[in-house]
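Shown next, in structure tokens, is the structure this report addresses.
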Amino acid sequence: MRKYNKTVNASILVVEDEEKLAQAIALYLRNAGFSVEIALDGQTALEAFARRPFDLIVLDLMLPKVDGWEVCHRIRKDSDVPIIMLTARVGEPARVQGLEIGADDYLEKPFSLRELVARIHAVLRRAGKKAQSVIRAGDLYIDLEKHEVFVRERRVELTASEFALLAFMAQHPGRVFTRLQLLDAMRGSTTETLERAVDSHIKNLRKKIERNPQEPEYIQTVYGVGYRFRDRTL
Ligand code: CA
């Protein structure tokens, strides 16, 4: 997922089936400095979102093909992108439902475009703060402050190096790093990483050459120190 700490030049997907309203919103948002793409129905919105990332989605509730609830629900399965819902429905229950399915904010029609822009800025700022400490990707949840990782809501115990590696890569989704870059990114835990790398090579070697890798004949562990190849005289 992306970080949302830039509120200027953010890209916004406007999902609204009333074309005139969609155009008016898009024009206003562009003038406010955002880049905007319009989707006139829910299916198109999901396709647009699958094609490229957006920093925020303005999502009308009542939409043809796939409605706003469903769009929100499906996007939330693997994205934390901020969503502001638009609705003609009045009253608290709709609002609560909107927030329950993962919308970040809720705006009842008719609304002023100025109000929409204010909400967009507020939601992007909030998301920016959140994005710095939590990363969500598919089934994976990484809490950068608490150093906790959950997969499918179950906590996974990682070593410091594993955590540093995962956190670093997850903070730069889509980017390719060389092993050296990754080592560099793990500065604090580099020694441990290198040691563990040796461990894993030893383990693999043993699998290949030892009759019983649990009781190695050739490559022996010297506890607290390291490894040695067996002494010829023994
Ligand atoms: Ca509508």
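The values are calculated or read from the model by the stated rules, or taken from the named source; none is laboratory data. Please read these numbers as outputs of a predicted model, since none were measured by experiment. All Cβ positions, glycine included, derive from the backbone under ideal geometry; neighbour counts span all protein chains shown.
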**Asked** From the residues in region 39-55 that are farther than 18 Å from G102 by Cα, within 16 Å of the ligand (Cβ to nearest atom) and of a type outside the set (A, V, I, L, M, F, W, C), which one is surrounded by the most Cβ atoms within 10 Å (Cβ to Cβ)?
**Response** T44
**Item:** Where a residue in region 158-179 is surrounded by 12 or more Cβ atoms within 10 Å (Cβ to Cβ) and its partner, wherever it lies, is modelled with pLDDT of 80 or more and in a loop (DSSP other than H, G, I, E, B), with Cβ under 8 Å and at least six apart
**Value:** F163/H147; L166/L158; A167/L144; Q171/L144
**Message:** Can you report the number of residues in region 199-216 which are surrounded by 12 or more Cβ atoms within 10 Å (Cβ to Cβ) and either at pLDDT below 80 or not in a helix (DSSP H, G or I) (or both)?
**Reply:** 3
**Request:** State whether one or more residues within region 157-167 are at pLDDT 85 or above and not aliphatic (A, V, I, L, M).
**Result:** yes
**Request:** Would you confirm whether any residue within region 122-140 is of a type in the set (D, E, K, R), at pLDDT below 80 and assigned to a loop (DSSP other than H, G, I, E, B)?
**Result:** no
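Mind checking whether some residue in region 83-92 is modelled with pLDDT under 90 and within 25 Å of the chain's Cα centre (by Cα)?
First, pick out the residues of region 83-92 that are modelled with pLDDT under 90: 87-92.
Imposing the further condition that a residue be within 25 Å of the chain's Cα centre (by Cα) reduces the set to none.
Scanning region 83-92, I find no residue that is modelled with pLDDT under 90 and within 25 Å of the chain's Cα centre (by Cα), so the answer is no.
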**Prompt:** Listed residues V66, V15, V58, V36; which is within 11 Å of the ligand (Cβ to nearest atom), assigned by TED's automatic domain parsing to the domain that holds R119 and at pLDDT 90 or above?
**Reply:** V15
